[in-house]
Amino acid sequence: MTPDRRLTLVRERDFRRFLLGYTTSMLGSAMASVALTFAILESGGGGTVLGRVMAARILPLVLLLLVGGVISDRTGSRRSMLTADVVRCATQLGLVAVLLGGRPPQWALLGLVGLWGTAEALFTPALGALLPQLVRPDSLSDANALMETARSAASIAGPVLAGLLTAAVNASSVLALDAASYAVSVVVLLLLPRTEPHREPHTGPSTGGTSSFLGQLGDAWTEFRSHTWLWVTAVQGCLFNLVVWGPFLVLGPVVAEQRLGGATAWGLVMAMYGCGAVTGGLVMIGRRPRRPMLVSTVAALGWSLPSAALAGGCPPAWVCGAALAAGAGSAVCGTLFATSVQRRVRPGMLARVNACTSFGAFVLGPVGLAAAGPVSSLIGTSGVLGFGAMWQVAAVVAVLALPSVRAVFPPPPCPERQDSPPGRAQDPGERAPSAP
């Protein structure tokens with residue numbers, strides 16, 4: 001595909017606006033996480049307070065994702081994202097206010113950060129459900145690739161800018177910039193065309209046809225488990241965060257400190273991961289594999305490489321190369337998975353199904369982070385990382401063995417798909433779910 005064809009999507013006004021606002025807010029969020037960490041430590045909070053604040057953000061995000069999915073499908077993705085960004089803007093301004101007073105009260109930090117995580121639980125499921133409303137079905141893969149690229153670029157630039165600005169000015173200024181980035185996102189969302197939520201008929205037998213919260217959540221669960229490739233991949237992602245990625249994030253810095261050169265070396269490893277993700281996202285623009293979930297699953301093999309390199313005592317250059325490959329694989333995997341979900345899940349359930357997959361990804365992540373250290377004291381750092389690498393390879397092979405994963409093909413282009421009746425063609429290799 002020519003470069004001119006690859007830029008077609010960026011020329012579409014609504015998507016271009018949204019991508020600009022999303023990238024701005026992602027950059028602000030990447031800066032804010034670093035700035036808040038330094039602000040807490042510099043104010044005398046210490047590691048205990050920092051751990052509590054980090055937990056206060058992640059817990060509402062995990063616990064309320066399903067609630068956020070139901071709300072987004074009920075009210076519409078655009079409205080949910082607007083509400084979330086207004087709240088996130090307010091929380092950052094609140095953090096600026098309490099930090100300017102010197103040593104902030106712990107209850108204020110916990111409350112504001114908890115509200116921040118709650119807003120993210122509303123925003124996250126709605127994000128994937130909004131894209132199909134902004135671009136044509138045959139452009140979804142390119143849109144997801146650009147979103148992956150934007151996220152990865154922000155994850156590289158954000159911490160660097162935050163460190164420089166925190167040292168030059170202060171952490172509160174960086175948090176104020178994050179508030180401004182959310183304000184930009186709010187303006188962009190207001191400029192997007194208004195869309196009504198897609199109404200789905202309730203099919204849950206347990207609620208007698210009502211549209212209750214539990215009934216809508218039950219409908220989403222029925223939809224989620226009817227796609228074998230979807231729930232199997234979600235389980236794989238859940239165990240990946242527990243066994244592979246959580247231990248890598250905890251033990252990787254330990255290995256870097258012991259024999260790779262310390263924090264600088266670890267920063268380079270993570271930067272290479274981000275560069276790989278940017279590269280992978282750009283490569284995916286204009287490419288539409290015939291078997292997207294097959295390619296996505298194979299790309300997930302890349303995540304085994306950094307853990308294997310650390311466990312095998314490889315030199316820094318090899319670890320950086322492994323991280324680069326893992327980042328590229330993550331972009332390919334994320335792009336194709338998101339596109340497959342958006343193309344094959346009923347529009348009125350996208351936010352709720354996205355919430356199910358995100359909940360699965362997040363729920364065991366904290367356990368993996370917390371358990372990595374104690375387990376490594378029993379079997380060694382290399383043992384934990386090596387097991388994670390082998391687990392990832394075995395999990396990919398197991399998922400590839402399933403016909404439902406190999407048989408996911410892109411549906412034929414259909415511009416009217418978003419307005420089509422709620423019924424859908426059954427995926428090849430799937431069977432209808434039995435009644436609960």
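Read-outs throughout are calculated quantities, based only on the coordinates presented, and are distinct from any laboratory measurement. Treat the numbers as computed from the prediction; the structure is a model and nothing was measured. Cβ sites come from the backbone with ideal geometry, for glycine too, and all protein chains shown count toward neighbours.
Here are the numbers for the structure shown:
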item: P(r) weight above 12 Å for region 279-336, C-alpha pairs, percent; result: 64
item: Extent along principal axes [Cα atoms of region 288-407; Å; largest to smallest]; result: 47, 28, 24
item: Amide N proximity, region 79-122 versus ALA180 label position 7 Å along Cα-to-Cβ, cut-off under 17 Å; result: 89-97
item: The chain: calculated mean residue ellipticity at 222 nm from DSSP helix runs of at least 4, using -39500 (n - 2.57); result: -25000 deg cm²/dmol
item: Label-point separation in nm, LEU20 to LEU239, each point 7 Å along Cα→Cβ; result: 4.6
item: Paramagnetic reach from GLU42 in region 146-173 [backbone N under 19 Å; point 7 Å along Cα→Cβ]; result: 158-173
item: Area projected by the alpha carbon convex hull of the chain, averaged over all directions, nm²; result: 21.0
item: Cα Rg, Dmax (largest Cα-Cα span) when computed across region 211-411, Å; result: 17.8, 58
item: Protection proxy ranking of 327-334, 370-377 - average other beta-carbon atoms within 10 Å, highest first; result: 327-334, 370-377
